[in-house]
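S.K.: For reference, the structure I am asking about is given below.
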Amino acid sequence: MLGGCDVIAPLASATIPVKADMNLSRRRVGEVSLRFLLVEDSAELARPVRDLLALDGHGVDWAATLSEAQDCLNAARYDLILLDIMLPDGDGRQFLQAQRRLGHDTPVIVMTARAAVSDRVDVLDSGADDYITKPFDFAELEARVRAVLRRRGGAAQTVRRYGDLLFNPLTATVTIDSDVRDLRNRELRLFEILLGAPGQIFSKDQLCDRLFSYAETVSDNAIEVYVGRLRKKLVGSLARIETVRGLGYRLTGG
Amino acid sequence: MRAVFATGSLRARLVVQLLVVAAVLAVLLYFTVRSTADRAAEATQDAILGAATVSIAEQLRGGDGGVEVDLAYATFSMLGAVGQDRLFYRIDIGGETVTGYDDLPVPDVRPASLAAVFYTTPYLDTRVRIAAVARSIIVDKGPVPVLVLVGQTRQGQAAIADQLANRAGLIGLGFFLLAVPLSLLSAGSVFNPINRLAEAVGRRGPRDLRPVRHPAPSELAPLIGALNGFVARLRGTLSQTETFIAEAAHHIRTPLSTVRSEAEIALRQSTDERTRVRLRSMIRGVEASSRSASQLLDHAMVLYRSDQLEGVAVDLCQITRSLARAFGPTAELREVTLLVEGDAAPLCVLGDALLIESALRNMVDNAIKYSAVETEVRIVLATDAGMVRVEVCDQGRGLSGAGLTELSGRFTRGGNVGDVVGSGLGLTIVTEVAAALGGRFELVERDTGGTCASLFLPQL
Amino acid sequence: MRQFILATAVSLFATMAGAFEVEDERVFGNGPGPEIAVLSTTDTAFFAPLIEAFLVGRPNLRLRYVVASSQEVYRAIHDEGAAFDLVISSAMDLQMKLANDGFAASYASDAVARLPGWARWRDRLFGFALEPVVLLASRRAMVGLEMPRTRRDLIDLLRAHPARFNGRIGTYDPHVSGAGYLFATQDARQTDAFWRLAEVMGRLNARLYCCSGEMINDLVAGDITLAYNVVGSYALSRVKDAPDIVVIEPEDFTVALLRTGFVPVGAGQGALGGALLDFMLSPRGRGLMDTAAGLPPLDQSLLQPYLRPIRLDPGLLVYLDRIKRENFLAEWDAAMTQP
């Protein structure tokens, strides 16, 4: 068995998945921020995807077949399902249709390797929230997950507290003393990266790799621009981004 | 266009054959009637001639003074009645001609009984049909042989036969003339099922690969069978092609995904700068190959679908908007604002949704890809002189003077995009889709910087 | 050159003409063109008006009209092959035999095509005048007696008044007269009463004539009271001069004789001979024939129901048969010669 419904412990996390009606005060650092079900028959692909999600602090259950996926769904609730189409025991789209007919509305992003336009259309018609074509930029997957969860706003919401600020990645806002500030996409992602491991120093290179597509070339001072902008958004909070000369940046003040 | 080599017309061949048959039948009818009429008339005339001759022979009586001959006026009168033929007779008694035409030819063989012997022979200036009857008569010395000949020209018979034959000829001609429209009609009705079958097959759309179930005469069953066999093979081949494209994509992308994801993890965890450089270039490589694979497959799909295009109404507005939504996160990642302008009302064109989506996808993808950070990509939908125009404008780096002709070539890329991953097939796909759907594609550099790509498609 | 040919033709005709007995010969017209030769049994006087009318429209033609007896006409054609363009005769039987034996050429025209079937034989022989064969009576000699209307009446009349009619009945001698023979045979064919009549006439010593002319002369002269079987045309032409003579068409039946014509085979001017025939059948020709020639034209609408035209058919050949003729004449003689 390559997969299974084992919950992988987060490597580093400070976010808690909560329902909208949950009490914010019960959230604490170290809990799983989002819980994913990854339905993918290829272990080689499943492992890095799972690891990447785990690196971001999410919990991932991996199912290699549709029947395993069904078992997982019976046992737990997920914030999002990442679904492959071609699986050994059936077609992911049919599985999805069956789920939707049963009234299960867990958000689904289909990962397709087929890429044909007709497949994309099919996928959306089957009830998927979005699709992503393999191989994918991990940042893009995150963006799509965020977009889907944002669209499904009522279904799942995550708010993270760091020191005296509240961070909502879905609405891309930080709240400091009831002052709600919007983060632009790269500010948001930069803040997410730094918030993923507070106190840890991230080099410019590391941040670049996470913030920009590998397909584009970025100038050396691009990171400094975004760090500068994010600092402005955090003004008034205890939380701040420190420059560690020669090494990089880190988030402090939590 | 495929050339259809027509070697003569079946219909013409059938008509000609029917007419030849009709002509042969008409001629046969003429000659049959002619000979039958001739024979029938001869038989009738012979019967009358024979009866007259026998009657004359029976009226010969033996007596003391020799043989008494009494020709009946009525008999002669009657013989002439049919065709007003000339009449000759001769009565020989005891080998001596006693009356009549004494040079009228006698039969080669003397008739045996009272039954008449008939023969045709030239006499005077004409041909005569002669009936000869022999008997013997008891005269005082004993039996004396008697030979009675009655000859008749047969102009009347010929006239009757001619008349009948001419009538048959006329009927034959009429039959032939009637056969002309009838054979045209019949050839038409014979070929109707073929024409209807051809129409039924011709009406089918390019994607209709169901077996032909059109009712047709049994003679066409082998043709339909062969056609259905061909359709089945074609369907098999086509579905194999489609499946192949999909399978190929799957088999290329899955391992690429693995490599990419592993590389990404390694990149996150590695702090060694040299390793990170390698990993980055590896990821770029994967990105490039997956993109190329995608576009190659898209291109193949475009060619394949353009080839068997089946026009349906496609709502460009709806396609554009859902595409914009799908590109939303991608644009967001680069902090590019994706705007759709224009009414949400349907803007329909005749075409193929997948082809159109493929073209628009490439246009939008290019725009986002080559956009600078924190700029806008504007999608405008408008109608323009009977055409629907989808314009995708970016504020990117422009084309640095290159024209569409150079850029739309396969695997051709602009001179200013070396830093961005691309395959060089995107614009080719858009151009080909535009051509397949009867529209056009324009790519212009904006004065204010950036590029506008416009796809024009005929409005429905 | 033409003079020479003409001379030769004339001399040739002269030598041939010598073979059969010509009663009269006359050339009509003096045109330089071809000459039509007509051989006829009809007296020139009867035919002249018709011929002259025919030539009016054809001034370049000449027409040689040769008259001979019917036997001589037959002999000229059948035995001598005399060259004529039209042969006209009242002897139907002989004409029929000539046609049957192939001496008549084919001739077709609208005029002959309109003839009734009994008045033509194929496209060879054509009738152009129909003459009833009648009984003539002298009004004076018949005073006190009822005119007979049928042969039965006649027989009864003769039987009732033998003294009054003895030696005063005339008829043809069938031995001598071809016409007389034809009429007698046709009578015999039609009715048995003929033989009774013959017996009665024989008993009353009937006078036998060769020709109708003499018979009518004797009747007009008052030598005979009745003339039996006289050709109508002659009879009627005489009636105009002699109001005493009554023409009786027997109502039991009246034989009618066709005058016939044909274009002989080998005729030099066959087309012109035919044209003359057509003229005789044309309305104008018929009128002239009636008024000038005294020959009743062939007109079906005037046929009386008792009129029996002798049909042109091979039956006519029967009485020409040698044996048949011998037998008939023997019977006639037996009837006429009373013991």
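The values are calculated or read from the model by the stated rules, or taken from the named source; none is laboratory data. This one's a predicted model, so the numbers in the text were calculated from it and none came from an experiment. Cβ sites come from the backbone with ideal geometry, for glycine too, and all protein chains shown count toward neighbours.
S.K.: Would you mind finding the one in B:Thr121, B:Thr97 that is closer than 24 Å to C:Arg322 by Cβ, over 60 Å from the mean Cα position of the chain (by Cα) and within 14 Å of chain C (Cβ to nearest Cβ)? Before you say what the answer is, go through the steps one by one.
M.R.: Numbers: B:Thr121 fails: within 14 Å of chain C (Cβ to nearest Cβ).
Just one listed residue meets the conditions, B:Thr97.
S.K.: Mind checking which pairs have a first residue in region C:99-124 that is within 11 Å of C:Asp278 (Cα to Cα) and a second that is assigned to a helix (DSSP H, G or I) and of a type in the set (Asp, Glu), Cβ under 7 Å, 6 or more apart or different chains?
M.R.: C:Ser109/C:Asp278; C:Ala111/C:Asp278
S.K.: Can you find a residue in region B:282-295 that is closer than 18 Å to A:Glu40 by Cβ, in contact with a Lys or Arg (Cβ under 7 Å, 6 or more places away or on another chain) and surrounded by 20 or more Cβ atoms within 10 Å (Cβ to Cβ)? Explain how you work it out, then say what you get.
M.R.: Of the residues in region B:282-295, the ones closer than 18 Å to A:Glu40 by Cβ are B:286, B:290.
Next cut, in contact with a Lys or Arg (Cβ under 7 Å, 6 or more places away or on another chain) only: B:286, B:290.
Narrowing further to those that are surrounded by 20 or more Cβ atoms within 10 Å (Cβ to Cβ): B:286, B:290.
Checked region B:282-295: at least one residue is closer than 18 Å to A:Glu40 by Cβ, in contact with a Lys or Arg (Cβ under 7 Å, 6 or more places away or on another chain) and surrounded by 20 or more Cβ atoms within 10 Å (Cβ to Cβ).
S.K.: Quick one: how many residues across region B:140-157 are surrounded by fewer than 18 Cβ atoms within 10 Å (Cβ to Cβ) and on the phi < 0 side of the Ramachandran plot? Lay out the reasoning, then the answer.
M.R.: Of all residues in region B:140-157, those surrounded by fewer than 18 Cβ atoms within 10 Å (Cβ to Cβ) come to B:140-143, B:145, B:155.
Okay, now just the ones that are also on the phi < 0 side of the Ramachandran plot, so B:140-141, B:143, B:145, B:155.
Residues meeting the conditions: 5.
S.K.: Would you point out which residue out of B:Arg274, B:Arg284, B:Arg278 is facing chain A (nearest Cβ under 9 Å), part of a helix (DSSP H, G or I) and either among the basic types (Lys, Arg) or farther than 30 Å from B:Thr243 by Cα (or both)? Walk me through how you get there before you give the answer.
M.R.: Values: B:Arg274 fails: facing chain A (nearest Cβ under 9 Å); B:Arg278 fails: facing chain A (nearest Cβ under 9 Å).
Just a single option satisfies the conditions, and that option is B:Arg284.
S.K.: Which condition breaks for A:His104 when tested against (1) in a loop (DSSP other than H, G, I, E, B); (2) away from chain B (no Cβ under 11 Å); (3) closer than 26 Å to B:Ile252 by Cβ?
M.R.: With (1) in a loop (DSSP other than H, G, I, E, B); (2) away from chain B (no Cβ under 11 Å); (3) closer than 26 Å to B:Ile252 by Cβ applied to A:His104, the lone miss is (3).
S.K.: Taking into account only those residues within region B:354-397 that are surrounded by fewer than 18 Cβ atoms within 10 Å (Cβ to Cβ) and more than 18 Å from B:Leu338 (Cβ to Cβ), which is nearest to the other protein chains (Cβ to nearest Cβ)?
M.R.: Result: B:Met387.
S.K.: Which count do you get for residues in region C:79-102 that are within 14 Å of chain B (Cβ to nearest Cβ) and of a type in the set (D, E, K, R)?
M.R.: From region C:79-102, those within 14 Å of chain B (Cβ to nearest Cβ) are C:81, C:92-93, C:95-102; that's our starting set.
Next cut, of a type in the set (D, E, K, R) only: C:93, C:97, C:101.
Count: 3.
S.K.: Take the residues in region B:221-267 that are polar (S, T, N, Q) and either at the interface with chain A (Cβ under 8 Å from one of its Cβ atoms) or in contact with a strand residue (DSSP E or B) (Cβ under 9 Å, 6 or more places away or on another chain) (or both); name whichever of them is farthest from B:Arg278 (Cα to Cα). If you could, list the steps in order and put the result at the bottom.
M.R.: Looking only at region B:221-267, we keep the residues that are polar (S, T, N, Q), and these are B:228, B:237, B:239-241, B:243, B:254, B:257-258, B:261.
Next cut, either at the interface with chain A (Cβ under 8 Å from one of its Cβ atoms) or in contact with a strand residue (DSSP E or B) (Cβ under 9 Å, 6 or more places away or on another chain) (or both) only: B:254, B:257-258, B:261.
Working: B:Thr254: 21, B:Ser257: 17, B:Thr258: 17, B:Ser261: 15 Å.
My answer is B:Thr254.
S.K.: Among (1) under 29 Å from C:Asn327 (Cβ atoms); (2) surrounded by fewer than 19 Cβ atoms within 10 Å (Cβ to Cβ); (3) of a type in the set (A, V, I, L, M); (4) at pLDDT below 90, where does C:Ala179 come up short?
M.R.: Going through (1) under 29 Å from C:Asn327 (Cβ atoms); (2) surrounded by fewer than 19 Cβ atoms within 10 Å (Cβ to Cβ); (3) of a type in the set (A, V, I, L, M); (4) at pLDDT below 90 one by one, C:Ala179 breaks only (2).
S.K.: Additional query: Out of region B:445-455, which residues are touching a residue at least 40 places away in the same chain (Cβ under 8 Å) and over 15 Å from B:Arg361 (Cα atoms)?
M.R.: Keep residues of region B:445-455 that are touching a residue at least 40 places away in the same chain (Cβ under 8 Å), which gives B:445-446, B:448-455.
Listed by number, the residues that qualify are B:Glu445, B:Arg446, B:Thr448, B:Gly449, B:Gly450, B:Thr451.
S.K.: Go through the residues of region C:296-317 one by one and say whether even a single one is touching a Gly at 6+ places or on another chain (Cβ under 6 Å) and part of a helix (DSSP H, G or I).
M.R.: no
S.K.: Residue by residue through region B:68-86, note down the ones that are out of contact with any Ser or Thr (no Cβ under 9 Å at 6 or more places or on another chain) and buried (at least 18 other Cβ atoms within 10 Å of the Cβ).
M.R.: B:Phe76, B:Ser77, B:Leu79, B:Gly80, B:Gln84 - these are the residues of region B:68-86 that are out of contact with any Ser or Thr (no Cβ under 9 Å at 6 or more places or on another chain) and buried (at least 18 other Cβ atoms within 10 Å of the Cβ).
S.K.: Identify, by number, the condition in (1) over 29 Å from B:Gly328 (Cα atoms); (2) surrounded by fewer than 19 Cβ atoms within 10 Å (Cβ to Cβ) that A:Ala239 doesn't meet.
M.R.: So the condition that A:Ala239 fails would be (2).
S.K.: Among the candidates C:Gly81, C:Gly31, single out the residue that is at pLDDT below 90 and on the phi < 0 side of the Ramachandran plot.
M.R.: Details: C:Gly81 fails: on the phi < 0 side of the Ramachandran plot.
On inspection, the qualifying residue turns out to be C:Gly31.
S.K.: Working carefully through the options B:Leu303, B:Leu333, B:Leu316, find the one that is farther than 26 Å from B:Phe244 by Cβ and away from chain A (no Cβ under 12 Å). Spell out how you get there, then give the answer.
M.R.: Details: B:Leu303 fails: farther than 26 Å from B:Phe244 by Cβ; B:Leu333 fails: away from chain A (no Cβ under 12 Å).
Every option except B:Leu316 fails the conditions.
Results for (1) in contact (Cβ under 8 Å) with a residue 60 or more places away in the chain; (2) within 22 Å of B:Ser9 (Cα to Cα); (3) among the β-branched types (Val, Ile, Thr), shown as yes or no for each residue.
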position: B:Leu197; (1), (2), (3): no, yes, no
position: B:Ala200; (1), (2), (3): no, yes, no
position: B:Ala221; (1), (2), (3): no, yes, no
position: B:Asn228; (1), (2), (3): no, no, no
position: B:Val231; (1), (2), (3): no, no, yes
position: B:Ser239; (1), (2), (3): no, no, no
position: B:Ala249; (1), (2), (3): no, no, no
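This table checks each residue for (1) assigned to a loop (DSSP other than H, G, I, E, B); (2) modelled with pLDDT of 85 or more; (3) within 11 Å of chain B (Cβ to nearest Cβ).
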| site | (1), (2), (3) |
| --- | --- |
| A:Ser118 | no, no, yes |
| A:Arg150 | no, no, yes |
| A:Leu166 | no, yes, no |
| A:Thr175 | no, yes, no |
| A:Val180 | no, yes, no |
| A:Leu194 | no, yes, no |
| A:Gln200 | yes, yes, no |
| A:Arg210 | no, no, yes |
| A:Thr217 | yes, no, yes |
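S.K.: Can you tell me which residue among B:Ala168, B:Ala132, B:Ala158 is in the same structural domain as B:Val24 (by TED's automatic domain parsing), small (Gly, Ala, Ser) and in a helix (DSSP H, G or I)? Outline the logic, then answer.
M.R.: Working: B:Ala168 fails: in the same structural domain as B:Val24 (by TED's automatic domain parsing); B:Ala132 fails: in a helix (DSSP H, G or I).
It is B:Ala158.
S.K.: Could you tell me whether B:Val340 is over 20 Å from A:Val49 (Cα atoms) and more than 10 Å from chain A (Cβ to nearest Cβ)? Please lay out each step first, then the result.
M.R.: Numbers: over 20 Å from A:Val49 (Cα atoms): yes; more than 10 Å from chain A (Cβ to nearest Cβ): yes.
Taking the combined requirement at face value, the residue satisfies it.
S.K.: From the residues in region C:312-326 that are more than 7 Å from every other protein chain (Cβ to nearest Cβ) and surrounded by fewer than 19 Cβ atoms within 10 Å (Cβ to Cβ), which one is nearest to C:Leu130 (Cα to Cα)? It would help to see each step written out before you state the result.
M.R.: From region C:312-326, those more than 7 Å from every other protein chain (Cβ to nearest Cβ) are C:312, C:316, C:319-320, C:325-326; that's our starting set.
With surrounded by fewer than 19 Cβ atoms within 10 Å (Cβ to Cβ) added as a condition, the list becomes C:325-326.
Values: C:Arg325: 25, C:Glu326: 28 Å.
My answer is C:Arg325.
S.K.: Tell me the residue from C:Gly273, C:Gly266, C:Gly232, C:Gly294 that is away from chain B (no Cβ under 14 Å), over 18 Å from the mean Cα position of the chain (by Cα) and of a type outside the set (A, V, I, L, M), please. Spell out how you get there, then give the answer.
M.R.: On the way: C:Gly266 fails: away from chain B (no Cβ under 14 Å); C:Gly232 fails: over 18 Å from the mean Cα position of the chain (by Cα); C:Gly294 fails: over 18 Å from the mean Cα position of the chain (by Cα).
Criteria check complete, one pass: C:Gly273.
S.K.: Output the residue which, of all residues in region A:74-97 that are more than 23 Å from A:Arg144 (Cα to Cα) and over 24 Å from the mean Cα position of the chain (by Cα), is surrounded by the fewest Cβ atoms within 10 Å (Cβ to Cβ).
M.R.: A:Pro88
S.K.: Moving on. Could we say that B:Gly142 is within 12 Å of chain C (Cβ to nearest Cβ) and over 21 Å from C:Leu317 (Cβ atoms) here? Show your work before the answer.
M.R.: Numbers: within 12 Å of chain C (Cβ to nearest Cβ): no; over 21 Å from C:Leu317 (Cβ atoms): yes.
When the stated conditions are applied, B:Gly142 does not pass them.
S.K.: Please pick out the residue among A:Asp41, A:Asp56 that is within 11 Å of another protein chain (Cβ to nearest Cβ) and at pLDDT below 85.
M.R.: Among A:Asp41, A:Asp56, only A:Asp56 is within 11 Å of another protein chain (Cβ to nearest Cβ) and at pLDDT below 85.
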